Every structure is written in structure tokens, then in C-alpha cells.
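Notes to accompany the following structure.
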Amino acid sequence: MQTKTIAIIGAGPAGMEASASLAKLGHQVVLIEKKASTGGHLNNWHHLFPDRRPAKELLQKLKQEVNHSNIEVMVNTAVHEVKQNDYRYELVLSEKNVINANAVLITTGFELFDAAKKEEYGYGIYNQVITNSDLEQLFQADNLAAQFKKPVKRVAFVHCVGSRDAKVNNHYCSKVCCVTAVKQSIEFKERMPETEVFCFYMDMRMFGPYYEELYREAQEKWGIVFIRGKISEASQTRDGSLQIKAEDTLASKPLRMNTDLLVLMAGMVPAEGNEHISRQFKLAIGDNRFFKSKDNHFDNQLSDTPGVFLAGACLAPMNITDTISQARAAALRIHEYLTN
Ligand SMILES: Cc1cc2nc3c(=O)[nH]c(=O)nc-3n(C[C@H](O)[C@H](O)[C@H](O)COP(=O)(O)OP(=O)(O)OC[C@H]3O[C@@H](n4cnc5c(N)ncnc54)[C@H](O)[C@@H]3O)c2cc1C
Ligand code: SF4
């Protein structure tokens, strides 16, 4: 087999796993990452749902996999220009490096919704309002209680922040935030058992294996209270605590509650540079602004542009299990494309 070069843009779990699979199949891979290190969002998470495995463990495994003689990793690198000649792509990178690729895989992932856009929750205004991502950083510290200025007697989690929300033009469900809220509420109780924990949800979407079990554990073992209802506003009281207004939609009653901490389950949005990439490679973008594949069922890893493939959370919100599966599927489709 003649050696072929594949350029992979984005070195998160999708890009790393696809690189490793293609290298094992004998191809040369150039893995391009705009940030200073590989790993994507895995770098930001502490323990993962559903099995609570340390994110570092997965990161280490992926890093070992890409440490392969067929893979060249280029960090702090962006694709500035793309030229197509027949079935080859010429990619002009930072520092004027040029790569001639026989195929390109896009794995640019997602970004966290900017919670400050939902002004009613006061993110960036009140110190007691944080996001799911901020909480992961706090969990990385040994002593959680020491991270707060005042004792946290009560914490409230708000689901669907920036997802399923016509006001911010994000109609889709971010898929991972219900189970993240359940996981984080348990982790909170483990570290601070005296804290009361409430979750305000629209629907509980526990679609994956062992998610429902985690939800049960949260209620039965840890006494976490799940209230069906949306918080309409958070404001600060004179004593410096937060007051939230909500409606309990099961009991059909308005509700007010004081809380010491509000955790916003910010959803997943497409990566900022995706529009630029879509112009460079003539890729279709869906109504949800994620990349659109050729066919949702049979050709999910194919784009409409020959030789350009897609995998991972750049296509839609998804967990790591699905990301890894998609990365392997993309590698196989690229191998088929290059060997035919
Ligand atoms: C709060 C939260 C908690 C989560 N916890 C879990 C969990 O516990 N378990 C689980 O299974 N899933 C979890 N997820 C989902 C998980 O983070 C994703 O499934 C996974 O990160 C997707 O991997 P990816 O490689 O597609 O994207 P990403 O992780 O986003 O990686 C994309 C990479 O591409 C790079 N990139 C972007 N644009 C460019 C460009 N133009 N040029 C070069 N590089 C570029 C980025 O810098 C990044 O390194 C969580 C998600 C959220 C929001
Ligand atoms: S996974 Fe849950 S919290 Fe996230 S958008 Fe979907 S319903 Fe809302």
C-alpha cells in the first residue's frame, strides 16, 4: 500500500483517537491543534461520568496512542489557507508550513456556551454563580470547602443553560449536561455531606448506560432533591446570599429559595472557528450551526466535499464514548477512501 498523508484538524479525544487508528493502518498523520496542548476538553474535566474515572487516565491513554512514529503532532498551529488540487489538499499552516494531504479529518469539537449571555442568572456578576466547567476546576483542588469564602449550606444546579432555548437560538439539547449535573451533585455531597443539593430541570435525559443508575443513586443514597422547573432569576440579597425564583412545574407553584451557590449547566456550542473552516473546505453547516454530515445514518463521518471527513463534537453534542466510536468510524472511512 502506498503511504498516504491525512491532516487532522483538532487534537481533542476525536482527533487523537482517529490519528492513532489511522497510524495503526499504516497512514501518515499530521495532527494540527490550535492550542498549546492536545486533549481538548478532557483537560478541563476532573472525574468522568458515568463511571467516575479520572479524566487524566483517558488523557494519558490518548497521549500514549498518538506517540506513534506515523503521527506528527503540531500544537499552537492554525490552518490559514487551503488549496485543492485534484484529490489533494494543500494546507498552509502557521509559520508558513505547508502540508499536502490526501484526506482531511475535521475534529474541532465544541465550546462551552457563554453563560453570561443568560443575564438573569448573574454569571460574571455574582461570585456565587459558577458553571459546570468552573466546578470541575474546583473539584481538582483537594479541599472543596476551602475554595469558598463562606460555608456552602445549600447549592442549586440549573439545567439547560444555553440549550433548548429559543432566546439564544440554541434549540438542541446538549445531551451531556443532565448526567453531568447528577454526577457533580453526588461529588458535591461526597465532599460536603452537610450541604443541601437541589437540581432544577426541564426533563431528565439520562440516555446512556448507567446514567439512570447514577440518577437513582443521587436521590436514594445522597438525598439530592430534583425539582422540575426553570429558574427565572437569581439576585443577591442584603446579607450577600443569592435568592432564586423558580416555578415548580409539577406542583404548579412558584418558588423562592436562598442558596449559597448556583451552578449553571452550560451547554455545548460549535467551536468559534467552524465557520471559517466551512468556507475553506466548502462544508455544510446545519441549522444548529454544527457541521452537517452527508447522511445522518449511513454517512455520518462524510462531508459533501470529497476527501474531507468529520468526527466528534464538531458534528453535535456528544459524550466521549460516542466521540471515540465516531473517530474510529472516520478512520475506517478514510482508509476505504484512500485505498480505493
Ligand atoms: C461540562 C461538561 C462535562 C463533560 N463531562 C464528560 C464526562 O464526564 N464524560 C463524557 O463522556 N463526556 C463528557 N463531556 C463531553 C466531552 O467533553 C466531549 O465528548 C469531548 O470533549 C468531545 O471531544 P472532541 O475531540 O470532539 O472535542 P473537544 O474536546 O472540544 O476537542 C476539540 C479540539 O480541537 C481544537 N480545535 C478547535 N478548532 C480548531 C482549529 N480551527 N484548528 C485547530 N484546532 C482546533 C480544540 O482546541 C480542541 O483541542 C462533557 C462535556 C461538558 C460540556
Ligand atoms: S442534557 Fe439535560 S440539561 Fe442538557 S440540554 Fe439536554 S435536557 Fe437540558
Please work out which residue is surrounded by the fewest Cβ atoms within 10 Å (Cβ to Cβ), limiting yourself to region 113-130 and to residues that are β-branched (Val, Ile, Thr) and in contact (Cβ under 8 Å) with a residue 24 or more places away in the chain.
ILE130
Can you report the number of residues in region 163-175 which are near ligand 2 (Cβ under 6 Å from one of its atoms) and either under 14 Å from the mean Cα position of the chain (by Cα) or more than 23 Å from GLY208 (Cα to Cα) (or both)?
4
Which of the residues spanning region 131-153 are under 20 Å from ALA246 (Cβ atoms), more than 11 Å from ligand 1 (Cβ to nearest atom) and surrounded by 18 or more Cβ atoms within 10 Å (Cβ to Cβ)?
VAL152
Please name all residue pairs, on different chains or six or more residues apart, with Cβ atoms under 7 Å, provided the first residue is in region 1-22 and is closer than 17 Å to ALA78 by Cα and the second residue is more than 6 Å from ligand 1 (Cβ to nearest atom) and of a type in the set (S, T, N, Q).
ILE6/ASN102; ILE8/SER19; ALA11/THR38; MET16/THR38
When every residue in region 187-218 that is assigned to a helix (DSSP H, G or I), within 16 Å of ligand 2 (Cβ to nearest atom) and not small (Gly, Ala, Ser) is compared, the one surrounded by the fewest Cβ atoms within 10 Å (Cβ to Cβ) is GLU212
Which of the strands (runs of 3 or more DSSP E) found entirely inside region 226-340 contain at least 1 residues meeting this: over 30 Å from PHE207 (Cα atoms)?
231-236, 242-248, 253-259, 308-310
ASN102 modelled with pLDDT of 95 or more, more than 28 Å from ASN43 (Cα to Cα) and in the same structural domain as LEU302 (by TED's automatic domain parsing):
yes
List the number of the failed condition for TYR172; all other conditions in (1) modelled with pLDDT under 95; (2) assigned to a loop (DSSP other than H, G, I, E, B) hold.
(1)
Which pairs turn up if I take residues in region 85-101 that are under 10 Å from ILE32 (Cβ atoms) and look for partners that are β-branched (Val, Ile, Thr) and not in a strand (DSSP E or B) with beta carbon separation below 6 Å, at least 6 apart in sequence or on another chain?
LEU93/THR77; SER94/THR77
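Return a yes/no flag: does region 21-39 have any residue that is closer than 30 Å to LYS183 by Cβ, more than 13 Å from ligand 1 (Cβ to nearest atom) and assigned by TED's automatic domain parsing to the domain that holds PHE281.
Initially, region 21-39 is screened for residues closer than 30 Å to LYS183 by Cβ, giving 21, 31, 33-39.
Filter once more, keeping what is more than 13 Å from ligand 1 (Cβ to nearest atom): 21.
Filter once more, keeping what is assigned by TED's automatic domain parsing to the domain that holds PHE281: 21.
Checking region 21-39: at least one residue is closer than 30 Å to LYS183 by Cβ, more than 13 Å from ligand 1 (Cβ to nearest atom) and assigned by TED's automatic domain parsing to the domain that holds PHE281.
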Just to check your reading of the model, which residue among SER235, SER241 is surrounded by fewer than 16 Cβ atoms within 10 Å (Cβ to Cβ) and either farther than 24 Å from VAL30 by Cα or away from ligand 1 (no atom under 16 Å from the Cβ) (or both)?
SER235
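The values are calculated or read from the model by the stated rules, or taken from the named source; none is laboratory data. All values reported here derive from a predicted model rather than from experimental measurement. Glycine gets a Cβ as well: all are built from the backbone with ideal geometry, and neighbour counts include every protein chain shown.
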